[in-house]
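The values are calculated or read from the model by the stated rules, or taken from the named source; none is laboratory data. Not measured: the values here are computed from a predicted model. With ideal geometry, Cβ positions are generated from the backbone for all residues, glycine too; neighbour counts draw on all protein chains shown. Keep in mind that these areas ignore ligands, DNA and RNA; they rest on the heavy atoms of the full protein, side chains included. Shrake-Rupley method; radii C 1.70, N 1.55, O 1.52, S 1.80 Å.
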Amino acid sequence: MVQKVYQVHEIQQALELLHQHTHQAKLLAGGTDLIIKMREGHVKPAVLIDISSMDKTRIIEAQGHEIHIGSTATFSEIQEHPLFQEDLAAIAAAARSVGSPQIRNRATIGGNICNASPAADLLPPLLAMEAMTVLRSKEASRLLPLSDFLVGKEKTALKSEEMLERVWFRQLEDRSGLGFSKLGIRNALAIARLSMAVYLKLDATGRCLKARVASGALGLTAQRENEVEAFLQQQVIDETIIDQAAQVLERTTAQRLAGRSTLPFKRHAVQGVFRDALSQALKSSLRREQS
């Protein structure tokens, strides 16, 4: 049973309370995941720290060659932000795919990341962009790649006295692009059956210099797909290569999900979702080359 609820406006206040109530406190921002878990009895914090009024963690801004998103920025704010309307439209698309408008108005990127659901919509594009997490405690701060922050199903490297302050990633380079695609189980409030994000960087001849592919709902957590990334490296991305890369991903999926009831569906569906994300990334890369 919750014994105390605090509302804070400054990061240091939240960190002090986390320090005082280690292992007993939970941070509350949008609450779209936490409140449900509390009602179902899966989470039973003695202390709730409401951080929804902290302006400094609600930022969405470019800092030089980096884009920083504060942990209490909502999906609606991300979806509508000018930074994500053109070259990084895949980020807005991932945010837009989350729940209903009411949920997007409350749910935050920090909650999506820290909940670490395998189907969390923003995780694949953030992984494809090699996002970094900034973690703060009363005594220190540390920088951790998002890929290392996610350690398992609904498990992260976040310590009990820490909070996720923000996430950041580098802006797209010339001849690079990002794509996102999702397949849900229903049209409204769709939870991802699987999702994919693809980052590509091409040279002047159209050869792939870098490929980063990330998936959601294809394992215990969102993750990079190393085998298909290695296959795309140094390839000229045409229909033949796309077909072969999709087959590599299907084989990887079949090995990972062997014995699971979802395998017959996902081993085939993943190819279409991957093709869509790759096509978007390729178009974005070529568009940035022309501009």
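Of note:
- The range 129-157, subset charged (D, E, K, R) and open to solvent by 60 Å² or more (accessible area, probe 1.4 Å), residue nearest to Ala277 (Cα to Cα): Glu130
- Among residues of the range 8-21, those that are assigned to a helix (DSSP H, G or I) and either under 15 Å from Leu164 (Cα atoms) or open to solvent by less than 50 Å² (accessible area, probe 1.4 Å) (or both), counted: 9
- Boolean, Gln63 is over 24 Å from the mean Cα position of the chain (by Cα), open to solvent by 30 Å² or more (accessible area, probe 1.4 Å) and within 23 Å of Trp168 (Cβ to Cβ): no
Residue-by-condition table, conditions (1) without any contact (Cβ under 8 Å) to a residue 60 or more places away in the chain; (2) over 22 Å from Ile11 (Cβ atoms):
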position	(1), (2)
Ser52	yes, no
His68	no, no
Gln79	yes, yes
Leu83	yes, yes
Ala92	yes, yes
Val98	yes, yes
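- Only a single item in (1) touching a residue at least 24 places away in the same chain (Cβ under 8 Å); (2) surrounded by fewer than 18 Cβ atoms within 10 Å (Cβ to Cβ) is not met by Gln24, and it is number (1).
- With respect to the conditions (1) in contact with a helix residue (DSSP H, G or I) (Cβ under 9 Å, 6 or more places away or on another chain); (2) under 23 Å from Gly177 (Cα atoms), Ala119 lacks only one, and its number is (1).
- Among residues of the range 245-291 being among the hydroxyl-bearing types (Ser, Thr, Tyr) and under 25 Å from Ile91 (Cα atoms), the one that is most open to solvent (accessible area, probe 1.4 Å) is Ser291.
- Number of positions in the range 89-128 that are assigned to a loop (DSSP other than H, G, I, E, B) and either among the β-branched types (Val, Ile, Thr) or open to solvent by 10 Å² or more (accessible area, probe 1.4 Å) (or both): 8
- Failed item in (1) surrounded by fewer than 20 Cβ atoms within 10 Å (Cβ to Cβ); (2) over 29 Å from Gly99 (Cα atoms), with Cys208 passing the rest: (1)
- Residue within the range 217-228 that is closer than 17 Å to Lys283 by Cα and open to solvent by 10 Å² or more (accessible area, probe 1.4 Å) present: no
- The C-beta contact set for the range 227-248 (first residue closer than 12 Å to Lys210 by Cα and free of Cβ contacts under 8 Å to residues at least 40 places away in the same chain, second residue charged (D, E, K, R) and surrounded by 15 or more Cβ atoms within 10 Å (Cβ to Cβ), distance under 7 angstrom, 6+ apart or interchain) comprises Glu229/Arg212.
- A search for C-beta distances below 8 Å between a residue of the range 29-48 that is under 20 Å from Pro101 (Cβ atoms) and in contact (Cβ under 8 Å) with a residue 40 or more places away in the chain and any residue that is basic (Lys, Arg) and assigned to a helix (DSSP H, G or I), counting only pairs 6+ apart in sequence or on different chains, returns Gly30/Arg106; Gly31/Arg106; Thr32/Arg106.
- Filtered residues of the range 72-88 (kept if in contact with a Gly (Cβ under 9 Å, 6 or more places away or on another chain) and open to solvent by 10 Å² or more (accessible area, probe 1.4 Å)): Asp87
- Verdict on Asp174 being within 20 Å of Ala90 (Cβ to Cβ), open to solvent by 30 Å² or more (accessible area, probe 1.4 Å) and acidic (Asp, Glu): yes
- None of Ile59, Ile49, Ile36 is in contact with a helix residue (DSSP H, G or I) (Cβ under 6 Å, 6 or more places away or on another chain) and aliphatic (A, V, I, L, M) except Ile49.
- The set of residues from the range 158-171 being surrounded by 17 or more Cβ atoms within 10 Å (Cβ to Cβ), of a type in the set (D, E, K, R) and under 21 Å from Ala94 (Cα atoms) comprises Glu165, Arg166.
- The range 229-244, subset closer than 17 Å to Gly179 by Cβ and in contact with a strand residue (DSSP E or B) (Cβ under 7 Å, 6 or more places away or on another chain), residue most open to solvent (accessible area, probe 1.4 Å): Gln235
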